[in-house]
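Heads up, the thing below is written out as structure tokens.
The values are calculated or read from the model by the stated rules, or taken from the named source; none is laboratory data. Computed from a prediction, not measured in an experiment: that's the story for all the values here. Every residue, glycine among them, receives a Cβ derived from its backbone with ideal geometry; neighbour counts consider all protein chains shown.
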Amino acid sequence: MLAKIAYQGRALSGILICLLLLMSVYVFGVFQGWYGGPEQAGTITPAVIPGAVTELRAEHQIAARPEGVKQQILFGDLHVHTTYSNDAFRMSLPFVQGEGAHPPADACDYARHCSSLDFWSITDHAEGLTPYLWQKTKEVVRQCNQVATDQSNPDVVAFLGWEWTQSGAEPSEHYGHKNILFLDTAEDRVPSRPIASASNKAFTELPVKFRIEPPFYDPANRQRYFDYDYSVRQVSREKLCETDKMGADLPADCKEYAEDPGELFARIGAWGQEHMVIPHGNSWGIYTPGASSWDKQLKSSMNNPAAQFLMEIYSGHGSAEQYRDWRAVTINADGSKSCPQPQADYLPSCRRAGEIIARRCSEAGESASECAERAALARKLYLDKGQLGWLTVPGARLEDWLDSGQCRDCYLPAFNMRPGGSAQYAQAITNFDDPQNPKRFRFGFIASSDNHSARPGTGYKETDRGYSTDWWGYKSETAQQRFATDTGKPQAKAALPDMSKVDPFGAMELERQSSFFTTGGLVAVHAEGRDRNSIWNSLKRKQVYGTTGERILLWFDLVNAAEDSVAVMPMGSELELNHTPRFTVTAVGARRQNPGCPEHSIKAIGQARLDKLCRGECYFPSDQRQLITRIEVIRIQPQVVPGEPVEPLIQDAWKVFDCAPQQEGCSVEFEDPDYISAGRDTVYYVRAVQEPKEKINGANLRCEKDESGQCIAVNPCYGDFRTNEQDACLSDAESVAWSSPIFVDFPTSR
């Protein structure tokens, strides 16, 4: 009997040892990345939008467009990420409410059958595109185009591109993000590899905690986490290209980096392929230093107007249009930093950091002088940490920050808006390095989504916040406590954080920014046809405009380019004029949407895929239009001498025309009677404003204000479990279409 017990004990011990060995091998394999694999490209549905549908879109415009106009307006999205992008992959993980893989094929199907776009472009982050992923990207874009058998009149045109994702801790080294698009897609007509930024490696150097632990925390979804870890490892293992070579002189399997825009333009140009570079997010403060501005990019070495002639004025991350004469930080003459004073329309976050600490200090019973010193230290430490300043106030909740750092009177502003990166500022400044040849930006304006779930053109309906916007947040309180950036317990003194414990992705004020994500914008082109070249040529002519996602129709023309005859110059035009300019504007509201999806979408991809990809809602226009309420004209007179103050040069709004509420839209005509007497170059563009409707995050932080209009409490729209599922974060807000400017030069201004 004892022998039998001893035998059973040895057997049990053996089993336990085997299990322990197996578990050890499994854990070792997790740490070695044995179980992950590459993100697949997906499968494109081989069905087109019926020709009758695209023909009907064109017919809907005929009655609305001005007399003599032959071009049709096409709508697209030129800023789309799939889970080939590192951050998009991270956002797709289950423990942050992600819905799993959304590869490039999903973007093609969504553009064609959910949002019914006329064109779109893939722009995954170059920093995470390995040779394998770049090759798959090219193949999917070609397949997406091949679905349309008539390339002279396709239902959808897909462009190929990537995003150069650059950021710097100081204004002098920060240039922002740029999308690079190519006309062609054939293998011998595009680069062998994308060109990445040298500065942005946050997603290839994640602490082990954020790559290895999630499979153990959420074992049911472990494969998704294994694949994420695999993607990070693959990127981190890429060998860097030699810096003294570029283009075809480099092997296809190395990672090519550009330090700044000048090098980026040179490296792209070395391929000799037709391309364009579109900057975006320059006013988005989540990664942009507080004092950053466009000025340094206007130097000849940092600009290439032949390639960079458009900018993204709006996206799902908010508007980059408006300028304000304040900054998040003051740079003193000696290079030191100081915290600006509050203004009626702006509370600097460094000020709020001091206020939080001062209040805690007072509640702890410290003296007024001691609390004043601690507040001053809080302001200093906040500025020292730049975009990570919020981490210097231990235990601060989102609500503690109120609406600090935000533009209080801007239309759907970008989070922590940086006015020096705005479109208006870019159009107002001049570079005088060569006094005989001053330089200016002459950007056309577009909008796009910047969506990170392979969903181009999400702005057609304000539904399903978690899928039509880029919200991001932990699925449960347990996940938040385990993986979120820990700012510690509230203390009455500011302190520098231990950055070794901070997830680089989670260091970017994810909670606060969730209140600023919208459904994203669209770019519209006035095109001769639906084909690739027609769309590309319209973009090059800057005969384009952007919208907040609604398909508003807009025409803006200068109608007296020749003094003695009618010579029409459309939006995006550049001309000299020695007489008073006269303009016309016509805007027609977007079509109201029916619920659900049209029959052709259901037939094309089936109800199951439609429910997953489109979330059961598609672009489905009715016969009724929304109403244009007013036309606003913005006039900018760029600098003519060095140091000329910028704010007085931007007149927003210079003119406002109220519109009668009618389905046919609104048309106005105006002149600039000051043009001749001012005797200086002038930039004009218009905003067509559509009646208010409920928009996701239409009120951002949803401030409660006191009698003086100051924010005393916020009701944030969290991206995590704390915002109730029944709270769609909807608030009334207007929709907008921004024309590209018309650049009118005065002949004697130089």
- Considering residues of the range 134-177 that are modelled with pLDDT under 95 and among the aliphatic types (A, V, I, L, M) only, the residue surrounded by the fewest Cβ atoms within 10 Å (Cβ to Cβ): 169
- Answer yes if at least one residue in the range 28-35 is over 29 Å from residue 449 (Cβ atoms), aromatic (Phe, Trp, Tyr) and modelled with pLDDT of 85 or more, and no otherwise. yes
- Starting from residues that are surrounded by fewer than 19 Cβ atoms within 10 Å (Cβ to Cβ) and more than 22 Å from the chain's Cα centre (by Cα), keep the ones in the range 683-702 and report whichever is farthest from residue 655 (Cα to Cα). 693
- Do you know which of the residues in the range 68-89 that are surrounded by fewer than 23 Cβ atoms within 10 Å (Cβ to Cβ) and of a type outside the set (A, V, I, L, M) is modelled with the lowest pLDDT? 68
- Taking the range 285-330, which residues are charged (D, E, K, R), in a loop (DSSP other than H, G, I, E, B) and closer than 23 Å to residue 264 by Cα? 299
- Task: Kindly provide the set of residues from the range 255-295 that are of a type in the set (Phe, Trp, Tyr) and farther than 25 Å from residue 422 by Cβ, ordered by number.
- Result: 257, 271
- Looking at the range 76-92, is at least one residue touching a Lys or Arg at 6+ places or on another chain (Cβ under 7 Å) and assigned by TED's automatic domain parsing to the domain that holds residue 525? no
- Task: Would you check if there is a residue in the range 653-670 being in a loop (DSSP other than H, G, I, E, B) and within 29 Å of the chain's Cα centre (by Cα)?
- Result: no
- Of all residues in the range 128-162, how many are touching a helix residue (DSSP H, G or I) at 6+ places or on another chain (Cβ under 8 Å) and either acidic (Asp, Glu) or not assigned by TED's automatic domain parsing to the domain that holds residue 187 (or both)? 1
- For residue 722, indicate whether it is surrounded by fewer than 20 Cβ atoms within 10 Å (Cβ to Cβ), closer than 30 Å to residue 94 by Cβ, in contact with a strand residue (DSSP E or B) (Cβ under 9 Å, 6 or more places away or on another chain) and not acidic (Asp, Glu). no
- Message: Suppose we keep only residues that are assigned to a loop (DSSP other than H, G, I, E, B) and of a type in the set (Lys, Arg) within the range 529-564. Which one would you say is farthest from residue 591 (Cα to Cα)?
- Response: 541
- Report the residue count in the range 484-526 for those that are of a type in the set (A, V, I, L, M) and modelled with pLDDT under 80. 3
- Query: Got a sec? Which of 591, 582, 551, 625 is among the basic types (Lys, Arg), within 29 Å of residue 443 (Cα to Cα) and surrounded by 22 or more Cβ atoms within 10 Å (Cβ to Cβ)?
  - Reply: 551
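Every residue, every condition in (1) within 18 Å of the chain's Cα centre (by Cα); (2) surrounded by fewer than 24 Cβ atoms within 10 Å (Cβ to Cβ); (3) modelled with pLDDT of 95 or more, yes or no:
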| residue | (1), (2), (3) |
| --- | --- |
| 427 | no, no, yes |
| 431 | no, yes, yes |
| 435 | no, yes, no |
| 439 | no, yes, yes |
| 443 | yes, no, yes |
| 447 | yes, no, yes |
| 450 | yes, no, yes |
| 455 | yes, no, yes |
